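To keep things clear, I will list the structure first and then write my remarks on it.
The values are calculated or read from the model by the stated rules, or taken from the named source; none is laboratory data. Every value quoted in this text rests on a predicted model; they were computed, and no experiment measured them. Counting neighbours? That spans all protein chains shown, and the Cβs are built from the backbone with ideal geometry, glycine included. These accessible areas exclude ligands, DNA and RNA; they are computed on the full protein's heavy atoms, side chains included. Shrake-Rupley method; radii C 1.70, N 1.55, O 1.52, S 1.80 Å.
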Amino acid sequence: MTTTRALIVRVWDIGIRLFHWTLVALVAASAVTGFILGLETLAWHLLAGEAIIVLLGWRVVWGVLGTAYARFSSFAYAPRDVLAHLGELGRGRAHRHLGHNPLGAMMVFGLIAVLAAIVVTGVVALGGMLKQGPLRAFLSYATGTGALDVHNILAILLLVMIGLHLAGVGFESWRGRENLVRAMVTGAKNTVPAGEAAPPVRVRTGLAMGVTLGLLAVGAAGVAGMASLPGRGVPPADADPVFAAQCGACHLAFPASLAPAATWNGILADLQHHFGADATLSADQVGQIKGWLDANSAEHWDTLPAHMLRVPAADGSDRITDTPGWRRLHRDIPAATFTAKPVYRRSNCEACHADAATGLFSPQNIAIPPMP
């Protein structure tokens, strides 16, 4: 009686394995910061997204110039091959593939496409809503919010696809009596006998690295240049000098884009009873401030705070902190935070927002003081 000896075949090169596990870590980080931790971790979410862009770019280049089983041509199956594989699975007669089988290949291409779409919609949302990134000069807030909805849907789709991928790996490991997770760690798989040979290819490692670095350099330069353009619908940084001097003498000279003109006019109409203080100004000063506020109120700008805060409070209050938008944005913060030091009051925006004076209130600039 003769025995068939299992042969070890090197399938996944070190680049593919590093790509796979690094992508796993980055997708996990993106999911945690995006679904669980909130806007305060946006900087980490963006960093993970940027790294995913680089990885996807490298994978595309390596899929053309890399090793045999890394190349897209080795698993670019026609639809009829996918259907045939499904039929063979149903009959229990599907043969093993050293590389990706037709269903696994579909998942690879699908994951790459969905990840790319998530990155694109994330960049669009970032540019339109937060006026950050390379598209900040071109996109409206409405475009950004629409892109964010698609971004979130795609993220959920990605999680579903990952679940299906894991199920497929488990099924194939059981069916083929081999540990595919370990194979993605070691790069080696068993074949009994060695009936499937890797197609001969010329691996272009140096060229692949050069192309990847070139694309990275060009992309980084383009992103930096576009990100330096003025954001669409972003208010000017400089406030009216009279407004800055008179209002800023007692508290933050709140950006005009944080309230509608009607709210500002209501405040100016009763400066003698200015939230418990007498802030009376001369008629000329009031006129100059009113003109500037009317021209720069929330209705004129396209930032997230301007959109969220332009709807006044239902009870007619002129306090920004009474608006439905402000309450929605701060609904998860304990009430005690606003009375403890160093915040003390709800209107003390600078205590938590380093960029409060700009009116942008970027999530990366939020630092809520810990409770004493």
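Let's see how each residue does on (1) open to solvent by 20 Å² or more (accessible area, probe 1.4 Å); (2) in a loop (DSSP other than H, G, I, E, B):
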{"position": "GLU299", "(1), (2)": "yes, no"}
{"position": "ALA314", "(1), (2)": "yes, yes"}
{"position": "ALA340", "(1), (2)": "no, yes"}
{"position": "PRO369", "(1), (2)": "yes, yes"}
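Within the set of pairs 6 or more residues apart or between chains, which connect a residue that is surrounded by 14 or more Cβ atoms within 10 Å (Cβ to Cβ) and at pLDDT 95 or above inside the range 9-24 to a residue that is of a type in the set (Gly, Ala, Ser) and assigned to a helix (DSSP H, G or I) with Cβ atoms less than 6 Å apart?
Once the first residue is surrounded by 14 or more Cβ atoms within 10 Å (Cβ to Cβ) and at pLDDT 95 or above and sits in the range 9-24, its partners that are of a type in the set (Gly, Ala, Ser) and assigned to a helix (DSSP H, G or I) give ILE16/ALA70.
Cβ-Cβ distance below 9 Å, separation of 6 or more or different chains: which pairs start in the range 263-285 with a residue that is free of Cβ contacts under 8 Å to residues at least 24 places away in the same chain and of a type in the set (Asp, Glu) and end on one that is surrounded by 10 or more Cβ atoms within 10 Å (Cβ to Cβ) and not in a helix (DSSP H, G or I)?
ASP270/ASP318
Those residues that are over 12 Å from the mean Cα position of the chain (by Cα) and under 20 Å from LEU56 (Cα atoms), I need them from the range 27-43; list them, please.
Across the range 27-43, the qualifying residue is only ALA28.
So if I check each of VAL82, VAL61, which one is surrounded by 14 or more Cβ atoms within 10 Å (Cβ to Cβ), within 30 Å of ALA220 (Cα to Cα) and of a type in the set (Val, Ile, Thr)?
VAL61
Given (1) under 30 Å from VAL286 (Cβ atoms); (2) surrounded by 15 or more Cβ atoms within 10 Å (Cβ to Cβ); (3) among the hydrophobic types (A, V, I, L, M, F, W, C), identify the lone condition not met by ALA237.
It is condition (2) that ALA237 fails.
Kindly provide the set of residues from the range 319-338 that are open to solvent by less than 90 Å² (accessible area, probe 1.4 Å), assigned to a loop (DSSP other than H, G, I, E, B) and closer than 22 Å to LEU271 by Cβ, ordered by number.
Across the range 319-338, the qualifying residue is only THR323.
Could you check the range 170-187 and list, in sequence order, the residues that are part of a helix (DSSP H, G or I) and open to solvent by less than 30 Å² (accessible area, probe 1.4 Å)?
SER173, GLY176, ALA183, MET184
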